[in-house]
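The values are calculated or read from the model by the stated rules, or taken from the named source; none is laboratory data. Note that the coordinates shown come from a computational prediction; the quantities given were computed from them, not determined experimentally. Backbone-built Cβ (ideal geometry, glycine too); neighbour counts: all protein chains shown.
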Ligand SMILES: Cc1ncc(COP(=O)(O)O)c(C=O)c1O
């Protein structure tokens with residue numbers, strides 16, 4: 001049977017990671033896979049995480065099973081991060097209507113959500129941004145959903161294609177599922193502003209859609225609370241929202257598979273019922289999520305000293321992204337003869353530029369710059385030293401487009 005199987009194909013991001021590993025060039029540059037790297041090109045364990053890990057090794061007395069919902073302290077802390085109280089304690093009531101369960105990464109959260117929705121709303125269409133994390137299509141397609149695409153990014157203008165996105169939202173059918181990136185849109189960095197979030201929330205409420213807010217980069221845009229404002233706006237306008245969140249990036253816990261699935265219901269009791277169904281499905285899948293990353297996150301967030309250290313580290317990551325974005329935007333504009341100033345103001349790790357697959361191949365073969373074939377660039381792969389030459393090399397390719 002195995003012999004007769006067709007070629008399975010590979011995820012484009014994982015494939016480009018493999019190609020990067022196999023490139024023997026000593027000065028190769030990885031702008032492919034979506035991990036945060038520091039100014040030395042490393043993805044280190046955060047100091048706050050390391051301190052919590054040490055403490056955990058000392059203090060943990062059992063590895064006995066927890067429940068399918070994972071680490072209860074983690075779930076409460078993550079709920080607090082996603083739904084922070086607004087100043088003066090007058091936030092939306094979304095946190096009080098939410099139930100959070102731990103999952104194996106943000107991917108695990110999306111998969112449990114997809115299984116849950118496939119059972120409860122098999123006829124729904126799942127709307128995914130035209131530019132998105134490739135696994136969204138793969139994951140919801142694998143579960144058997146009909147997929148639809150909504151416009152997101154105007155490549156020529158380098159900004160959110162808001163009017164066209166809104167036009168598509170107006171044709172969403174009641175009960176359809178709409179996937180939104182909570183912040184730091186992957187792969188474009190183009191997030192809605194506060195007014196645009198308001199309009200999106202309004203139209204989705206009018207259409208009686210069920211949004212899934214995928215928030216994998218909280219804290220890497222404008223700040224922890226700031227990055228959750230779009231989610232708050234969606235939850236304030238809609239009775240039911242599903243949230244997939246990840247600690248892979250903001251705690252640098254990638255391989256520890258630490259994420260969460262939150263149901264925001266009309267009432268907390270309704271959210272509890274939904275999460276109960278999700279847990280039933282998780283039981284038939286992985287049974288329980290891995291504990292280590294979640295125990296670390298729970299400890300960091302509940303200890304004031306560790307939490308302060310983590311916030312500081314996260315602020316440092318954010319500031320570095322700001323510097324790299326500014327330098328890259330300036331270098332790229334100069335080398336290409338086209339204005340890429342928007343890259344300086346967009347959010348998170350990624351930018352998407354109009355590179356063709358042939359240009360990406362040339363950049364890999366020549367200066368050993370590895371990017372994804374769709375023109376997504378992980379700007380965190382650049383350092384103070386490499387940003388100028390890389391911007392010059394990519395800009396030279398893009399100048400061809402301008403000249404053509
Ligand atoms: C938009 C988006 N959602 C979800 C994920 C999943 O993250 P995790 O590694 O926690 O599964 C990623 C990871 O790159 C992502 O970019």
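Here are some notes:
- Near pairs, Cβ below 6 angstrom, 6+ apart or cross-chain, from the stretch 242-266 (at positive phi) to any residue that is modelled with pLDDT of 95 or more and within 8 Å of the ligand (Cβ to nearest atom): 257/104; 257/105
- Residue 250 within 16 Å of the ligand (Cβ to nearest atom), in the same structural domain as residue 231 (by TED's automatic domain parsing), modelled with pLDDT of 95 or more and out of contact with any helix residue (DSSP H, G or I) (no Cβ under 7 Å at 6 or more places or on another chain): no
- Qualifying residues in the stretch 109-128 (those that are out of contact with any strand residue (DSSP E or B) (no Cβ under 6 Å at 6 or more places or on another chain) and within 15 Å of the ligand (Cβ to nearest atom)) - the one nearest to residue 204 (Cα to Cα): 114
- Pairs meeting the criteria (first residue in the stretch 95-124 and outside the structural domain of residue 34 (by TED's automatic domain parsing) and on the phi > 0 side of the Ramachandran plot, second residue part of a helix (DSSP H, G or I) and surrounded by fewer than 23 Cβ atoms within 10 Å (Cβ to Cβ), beta carbons under 6 Å, at least 6 apart or on different chains) are lacking.
- Filter result (touching a strand residue (DSSP E or B) at 6+ places or on another chain (Cβ under 6 Å) and either exposed (fewer than 15 other Cβ atoms within 10 Å of the Cβ) or free of Cβ contacts under 8 Å to residues at least 12 places away in the same chain (or both)) within the stretch 1-57: none
- Considering the stretch 234-247, the residues that are in a helix (DSSP H, G or I) and in contact with a helix residue (DSSP H, G or I) (Cβ under 6 Å, 6 or more places away or on another chain) include one that is nearest to the ligand (Cβ to nearest atom), namely 234.
- Segments classed as helices (runs of 4 or more DSSP H), wholly inside the stretch 288-389, with at least 2 members that are within 28 Å of residue 18 (Cβ to Cβ) and at pLDDT 95 or above: 292-302, 304-336, 357-365
- Selection status of residue 170, within 15 Å of the ligand (Cβ to nearest atom), assigned by TED's automatic domain parsing to the domain that holds residue 226 and surrounded by fewer than 18 Cβ atoms within 10 Å (Cβ to Cβ): no
- Selection within the stretch 204-223 - buried (at least 19 other Cβ atoms within 10 Å of the Cβ) and either more than 14 Å from the ligand (Cβ to nearest atom) or on the phi > 0 side of the Ramachandran plot (or both): 204, 209, 210, 211, 219
- Listing of helices (runs of 4 or more DSSP H) fully contained in the stretch 1-100 that carry 3 or more residues being within 16 Å of the ligand (Cβ to nearest atom) and closer than 29 Å to residue 181 by Cα: 12-22, 72-82
- If you filter the stretch 312-333 down to residues that are touching a helix residue (DSSP H, G or I) at 6+ places or on another chain (Cβ under 7 Å) and more than 16 Å from residue 155 (Cα to Cα), you find that the one that is surrounded by the fewest Cβ atoms within 10 Å (Cβ to Cβ) is 326.
- Failed item, numbered, when residue 36 is tested on (1) modelled with pLDDT under 95; (2) on the phi < 0 side of the Ramachandran plot: (1)
- All positions within the stretch 253-282 that are in a helix (DSSP H, G or I), within 16 Å of the ligand (Cβ to nearest atom) and over 15 Å from residue 68 (Cα atoms): 254, 255, 256
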